[in-house]
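What follows is one structure encoded as structure tokens, with my remarks underneath.
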Amino acid sequence: QVQIVESGGGLVQPGGSLRLSCQASERFSTKYRMGWYRQTPGEQRELVSEITNDGDVNYADAVKGRFTISTDNAKLRVDLEMNNLKPEDTAVYYCNFRSVAQNYWGQGTQVTVSY
């Protein structure tokens, strides 16, 4: 069973920055996606950004130009650099590693943007 461990998150003022990190315990497929999703109470979980192990990147329109996703050479770590944070970015952020046949989630980390 692949283990997904997240770190980062916390409380930040509007306009501030945070970095989320996520580490998978092992490679589980030759082709997979690594990404970050977020969820607020009563809402569906939504994609924030994802990157494939080939390096293709996708961002939600709401975060384009503010967030940057990256991975390491081993393609087992995925980071999300979040700049110019806004109150509407407040959510629980979840890391995800998925292939066609498998799907793994982190435990979630709270990001709160507030004065």
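The values are calculated or read from the model by the stated rules, or taken from the named source; none is laboratory data. Everything numeric in this text was worked out from a predicted model, so none of it was measured. We place every Cβ from the backbone using ideal geometry, glycine too, and count neighbours over all the protein chains shown. Side chains are part of the model used for accessible areas, which takes the heavy atoms of the whole protein and leaves out ligands, DNA and RNA. Shrake-Rupley method; radii C 1.70, N 1.55, O 1.52, S 1.80 Å.
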(request) Loop only per DSSP, at most 11 neighbouring Cβ atoms within 10 Å: give me the GluC sites (Glu not before Pro) in region 20-115, ordered by residue number. (result) Glu26, Glu43
(request) Report, largest value first, the span of the C-alpha coordinates of region 22-69 along each principal axis, in whole Å. (result) 33, 25, 15
(request) Can you check what the Kirkwood hydrodynamic radius comes to for the chain, Cα pairs only, in Å to one decimal? (result) 14.1
(message) Using the Karplus curve 6.51 cos²θ - 1.76 cosθ + 1.60 with θ = phi - 60°, what ³J(HN,Hα) values do you get for each residue of region 48-61, in whole Hz, with x for Gly and Pro?
(response) 9, 6, 8, 9, 8, 6, 8, x, 6, 10, 9, 10, 5, 4
(request) Take Gln1, project a point 7 Å from its Cα along the Cβ direction, then tell me which residues of region 84-115 have their backbone nitrogen under 15 Å from it. (result) 103-107
(message) Using the Cα centre of the chain as origin and beta-carbon charges of +1 (Lys, Arg) and -1 (Asp, Glu), tell me which of Phe28, Tyr115, Tyr104 is placed farthest towards the positive end of the dipole.
(response) Phe28
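Treating only the Cβ atoms of Lys and Arg (+1) and Asp and Glu (-1) as charged, compute the dipole magnitude of region 28-100 about its Cα centre; round to the nearest 20 debye. Please report the intermediate quantities before stating the final value.
Working: 10 positive and 11 negative charges, 37 e Å.
Dipole about the Cα centre, nearest 20: 180 debye.
Take the solvent-accessible surface of the protein heavy atoms, probe 1.4 Å, and return the percent of it on the chain that carbon and sulfur atoms account for.
Working: 2780 of 6130 Å².
Exposed carbon and sulfur together represent 45 percent of the surface.
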(message) I'd like to check one number: the per residue accessible area of region 17-115, probe 1.4 Å, reported in Å² as a whole number.
(response) 53
(message) For Thr52, Thr112, Thr30, give me the order by solvent-accessible area with a 1.4 Å probe, most accessible first, ignoring ligands, DNA and RNA.
(response) Thr30, Thr112, Thr52
(message) Just to check, using Stokes-Einstein with a Kirkwood Rh over alpha carbon pairs, what's the diffusion coefficient of region 61-115 at 4 °C and 1.567 mPa s in µm²/s?
(response) 100
